[in-house]
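A short write-up of the structure that comes next.
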Number of protein chains: 2
Amino acid sequence: MENSSRSDIAYQALRRAIIEQALMPGTKLREDEIGAHFGVSRTLVRAALLRLSQEGLVDIRRKRTATVAIPSLDEARQIFELRHCLEQQVIHRLTAHWRPEMGEALEAHVKEEEAAARSGDTASASRLAGEFHIVLAQLAGNALLTRYLSEVVSRCSLILAVYGRPHVAECATTEHRGVIAALRTGDAAASIRIMKEHLHAVEARALPKPQEAEEVRISDILARYSAAR
Amino acid sequence: MENSSRSDIAYQALRRAIIEQALMPGTKLREDEIGAHFGVSRTLVRAALLRLSQEGLVDIRRKRTATVAIPSLDEARQIFELRHCLEQQVIHRLTAHWRPEMGEALEAHVKEEEAAARSGDTASASRLAGEFHIVLAQLAGNALLTRYLSEVVSRCSLILAVYGRPHVAECATTEHRGVIAALRTGDAAASIRIMKEHLHAVEARALPKPQEAEEVRISDILARYSAAR
DNA sequence: ATCGACAATCACGTATACATGATTTCACAT
DNA sequence: ATGTGAAATCATGTATACGTGATTGTCGAT
């Protein structure tokens, strides 16, 4: 999958725009329009959209304009469940092959997160918050694990966009520092516990409480739909 | 992702042919040729190949004819590692929400496996062996987990094709029965242990012993290449 | 006989054309 | 005003055309 073509440009841009919530769930993604923007034909846009749809970020239905995906509550729960599972494996691997320079790399990333947060760039901040987990996966050294986690984490941005309160900070950087600290102790069980707590916190910010789920949902979605023209 | 188009036909057929090892790793997949076979244009074939490449079954490189992917030993290990992780989660969920009719469904599937094995249809037999694990995931009720596991399991067919001894039975049906039996006891820990053992057995059949890995590899691959024309 | 340059062929990358199904518009009846 | 249906418009589904890089084959020099 070595796709250095111009289809990739559209893919990357769209992906990032979705993750940063510049393109909200439900937004229509017309092939012509996007193609005109990037100066490529529909052919390449289609390829990009197809890729995004396989990652669950875009909804493609036959003969209908593609849209930014709107995860259902059920999907959201499944995504978080899998995220727990994958992140636990990441921690597992990291504690097994820990090296001090990994700590430095993570530290550096958190600094970036803080910088974005301080500068008020909430879009970058939330993207970087997600990418922290991707960096962890990369350090863990399993490319497939990294790929799946990337998908799952980016879909969490969608979930946050649909169900989250408008612009709550997604991942407190202090929590990330906590994860790093735990990893540095070399205590696998403790590290996993810390990560679990962090993920539960993320989930709590992204998803409404179970009992208020049903009622809040509908107006929420409708508001979004009308806003999206 | 509701793709009921003719691109899907090519996709399904190719996928199955690869999984059943009718198309061996390294085989060239020319767009024209495939299109002519299915009576569709390159456009649709490309879409199908793109999808397959994202699932890791096909290798696409710019300006080069697509080929059936040849997983490296390293990839193979990563795939198995992730498979362990995902299957464990499946068992976890199944033991948490076990229902007797699940046992029946699994039982029925194993019977199919046996029928194929008895009839000497090794291609179907090995496909069904893999699908047993997909059925488990479906019963577990997490669609995303099912999707990832499908990918991983199908890639295991590739691994087997490259590194496995020619046509060893992949999953003994007795092992699958063992998994079902464990699930029926309702003992989560025991079920997970049984599944782990099963997966290790699968892995042992698919991958060469670590020390003989390096030397066997090259001639193995080359033989395959020359055989594939 | 082997190696390397060049030509011919092949297969892909990308844009575009045309057909068809979806969506919107608008006139008209209620 | 509201709802209905046909026409117009729009966006996608798919095939095809054309350019270009890769691959293969040929021929001459060593």
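The values are calculated or read from the model by the stated rules, or taken from the named source; none is laboratory data. From a predicted model like this one, the values you see are computed outputs, not experimental measurements. When we count neighbours, we look across all protein chains shown, and the Cβ atoms used for this are built from the backbone with ideal geometry, even at glycine.
B:A17 meets the stated requirement of being out of contact with any Pro (no Cβ under 9 Å at 6 or more places or on another chain), more than 9 Å from DNA strand D (Cβ to nearest atom) and not aromatic (F, W, Y). Checked across the stretch B:43-54, the condition of being surrounded by fewer than 18 Cβ atoms within 10 Å (Cβ to Cβ) and within 16 Å of DNA strand D (Cβ to nearest atom) holds for at least one residue. Check whether at least one residue in the stretch A:11-33 is small (G, A, S), away from DNA strand C (no atom under 13 Å from the Cβ) and in the same structural domain as A:V162 (by TED's automatic domain parsing), and report yes or no. No: zero hits. Checked against (1) more than 14 Å from chain A (Cβ to nearest Cβ); (2) away from DNA strand C (no atom under 13 Å from the Cβ); (3) surrounded by fewer than 17 Cβ atoms within 10 Å (Cβ to Cβ), B:T95 passes all but a single condition, namely (3).
In this structure, is B:G39 within 11 Å of chain A (Cβ to nearest Cβ) and not aromatic (F, W, Y)? Criteria not met by B:G39. Selection over the stretch B:55-81 of residues that are of a type in the set (A, V, I, L, M, F, W, C), surrounded by fewer than 22 Cβ atoms within 10 Å (Cβ to Cβ) and within 13 Å of DNA strand C (Cβ to nearest atom) gives a count of 1.
Summed over the stretch B:20-42, residues that are away from DNA strand D (no atom under 14 Å from the Cβ) and surrounded by 15 or more Cβ atoms within 10 Å (Cβ to Cβ) total 5. I'd like to know if the stretch B:70-77 contains one or more residues that are modelled with pLDDT of 95 or more, within 16 Å of DNA strand D (Cβ to nearest atom) and farther than 17 Å from B:L199 by Cβ. Yes, that holds for at least one residue. Looking across A:G120, A:G103, A:G130, one residue alone is in a loop (DSSP other than H, G, I, E, B) and not assigned by TED's automatic domain parsing to the domain that holds A:M24. It is A:G120. Every condition in (1) more than 30 Å from B:T185 (Cα to Cα); (2) within 10 Å of chain A (Cβ to nearest Cβ) holds for B:L82 except the one numbered (1).
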